[in-house]
């Protein structure tokens with residue numbers, strides 16, 4: 001479990017601005033963790049469908065047991 005940073009991406013200026021974070025609560029990798037976090041971040045931080053395309057999440061670091 002950990003926090004994953006959410007960014008608003010400006011594709012013209014090629015910059016990423018951090019706008020918040022979401023909590024990853026899954027204990028182990030299931031293959032669609034990153035997609036689920038991206039969907040959650042878009043629901044939380046995007047005001048509309050056009051803005052949702054500018055939302056990105058950071059790739060979580062691998063965890064070692």
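The values are calculated or read from the model by the stated rules, or taken from the named source; none is laboratory data. This structure is a prediction, so every number in the text was calculated from the model and none was measured. Cβ coordinates were reconstructed from backbone atoms using ideal geometry, including for glycine residues, and neighbour counts include every protein chain displayed.
Looking only at region 52-59, decide whether some residue is modelled with pLDDT under 85 and either surrounded by 10 or more Cβ atoms within 10 Å (Cβ to Cβ) or at negative phi (or both). Looking for residues that are modelled with pLDDT under 85 and either surrounded by 10 or more Cβ atoms within 10 Å (Cβ to Cβ) or at negative phi (or both), one finds at least one in region 52-59, hence yes. Of all the residues in region 44-61, those that are part of a helix (DSSP H, G or I) and either in contact (Cβ under 8 Å) with a residue 60 or more places away in the chain or within 12 Å of the chain's Cα centre (by Cα) (or both) number 3. Among residues belonging to region 6-43 that are at pLDDT 90 or above, assigned to a helix (DSSP H, G or I) and touching a strand residue (DSSP E or B) at 6+ places or on another chain (Cβ under 7 Å), point out the one that is surrounded by the most Cβ atoms within 10 Å (Cβ to Cβ). The selected residue is 41.
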